[in-house]
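Enquirer: I am attaching a structure below and will ask some questions about it afterwards.
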Amino acid sequence: MKLQSLIDHATKYTDMTVAVAAAEDEEVIDAVTMAIDRHFGKFVLYGDREQIVQLLRRKGYENSRHIEIVHANSTVQAAELAVKAVHFNEANVLMKGNIPTATLLKAVLNKEYGLRTGKVLSHVAVFEVAGYDRFIIVTDAAMNISPDLEQKAQIVANAVAVARSIGIDVPKVAPLAAVEVVNPAMPATVDAAALTTMQKRGQIKDCIIDGPLALDNAVSAIAAEHKRIDSEVAGRADILLVPDIEAGNMLYKSLVYFANAKVGAVIAGAKAPIVLTSRADSAESKLYSLALAVCSASK
């Protein structure tokens, strides 16, 4: 599967509005203009009006009918205004611009105008890996440090919702661990077995879960066969649930830097999808993340 398919899918939703907090950033403006070229919808850019106009002028988009600029005196105010736009249904997607993640999330979690739903917020990354005929979805590599069982169940539910929004109707979920058997001394294996049972009993819906599985057995049918693992998920996993943020961060960056994988990612579990890319992400990656967010918001 190619991430280009997400872009193609996102172009169907021309009525979407994306609120960008602190949009005065060249990579962000590149992603916005690329999205406009592909008819993603409308963008409301919150931040320093003069800087935003200068960046748009360089790209030839200062008069685009798909862009509205709302001046903000600070990144804090830009975050507040962008989050309020989503809160009051004036926008469908929230995107991070040139602003610290903590500043944006403080606004997202504001009790008065934020985007809380009572669910766990979690990072869902969709990878295009050379040699694979499917997307590899990794969660959670950025939000939850050491989630407990209940939090993992919600993280899975968030990832399943994202997977279904991009056409994976019944995603196969592999809770990862170092081994394929339950070992009380290894909490990740215990949680994996519990999640498997919870899915079988209908507590986690719209997916198939089987674990614990080591990474090789989750993604390689040959490795699973060698281990004699008989499972609907082994070797065919769509979603890789990591045990903690360290494992997720390492897997995420290994795919990017060693496998040259392409990626789009969102924060799920809020009232609307959040595009929370980093300054190091390319405009292309931001575009994939925007497409993923638009697809998620459509559901």
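The values are calculated or read from the model by the stated rules, or taken from the named source; none is laboratory data. In this text, all values refer to a predicted model and were calculated from it rather than measured experimentally. Accessible surface areas use protein heavy atoms only, side chains included; no ligands, DNA or RNA. Shrake-Rupley method; radii C 1.70, N 1.55, O 1.52, S 1.80 Å.
Enquirer: Could you run the Karplus curve 6.51 cos²θ - 1.76 cosθ + 1.60 with θ = phi - 60° over region 67-75 and give me ³J(HN,Hα) per residue in whole Hz, x for Gly and Pro?
Expert: For region 67-75, the Karplus-derived couplings read 10, 10, 10, 10, 6, 10, 7, 7, 5 Hz, x marking Gly and Pro.
Enquirer: Straight-line reach from Lys84: which aspartates and glutamates have Cα under 20 Å away, leaving out those fewer than 8 places along the same chain?
Expert: Straight-line reach from Lys84, under 20 Å: Asp15, Glu24, Asp48, Glu68, Glu112.
Enquirer: Next question, about the same structure. Return one quarter of the surface area of the convex hull spanned by the alpha-carbon atoms of region 116-162, equal to its mean projected area, in nm². Write down the numbers at each step before the final one.
Expert: On the way: hull surface 15.4 nm².
Answer in nm², one decimal: 3.8.
Enquirer: With bins 10 Å wide starting at 0, give me the P(r) of the chain over every alpha carbon pair, in whole percents.
Expert: Cα pair-distance distribution for the chain, in percent: 7, 29, 33, 20, 9, 2, 0.
Enquirer: Restricting to region 120-257, compute how many DSSP beta bridges are antiparallel as a %, nearest 5.
Expert: On the way: 3 of 12 bridges.
Around 25 percent antiparallel, to the nearest 5.
Enquirer: Next question. At 1.4 Å probe size, with the rest of the protein present, what percent of the exposed accessible area of region 116-207 is carbon and sulfur atoms?
Expert: On the way: 2150 of 4110 Å².
For region 116-207, the apolar C and S fraction of the accessible surface comes to 52 percent.
Enquirer: Past 21 Å, Cα to Cα, is the threshold; run Lys227/Lys262; Lys152/Lys262; Lys119/Lys299 against it and keep the listed order. It would help to have the intermediate numbers written out before the result.
Expert: On the way: Lys227/Lys262 30 Å; Lys152/Lys262 25 Å; Lys119/Lys299 17 Å.
The answer is Lys227/Lys262; Lys152/Lys262.
Enquirer: Let me ask something else about it. In whole angstrom, how far apart do the alpha carbon centroids of region 43-92 and region 138-182 sit?
Expert: If you average the Cα positions of each part, the centres end up 33 Å apart.
Enquirer: Can you sort Tyr288, Tyr13 by solvent-accessible area, 1.4 Å probe, largest first? Intermediate values should be presented prior to the final figure.
Expert: Details: Tyr288 15, Tyr13 50 Å².
Accessible-area ranking of Tyr288, Tyr13, largest first: Tyr13, Tyr288.
Enquirer: While we're on this one: I want to verify a result. In a Gaussian network model of the chain, Cα cutoff 10 Å, which of these has the top mean-square fluctuation: Ile239, Ile52, Ile274?
Expert: In the Gaussian network model the winner is Ile52.
Enquirer: Taking only protein heavy atoms and a 1.4 Å probe, what accessible area per residue, in Å², does region 120-257 have with all protein chains in place? Mind dumping the intermediate values first?
Expert: Values: 6190 Å² over 138 residues.
Normalised by residue count, the accessible surface of region 120-257 is 45 Å².
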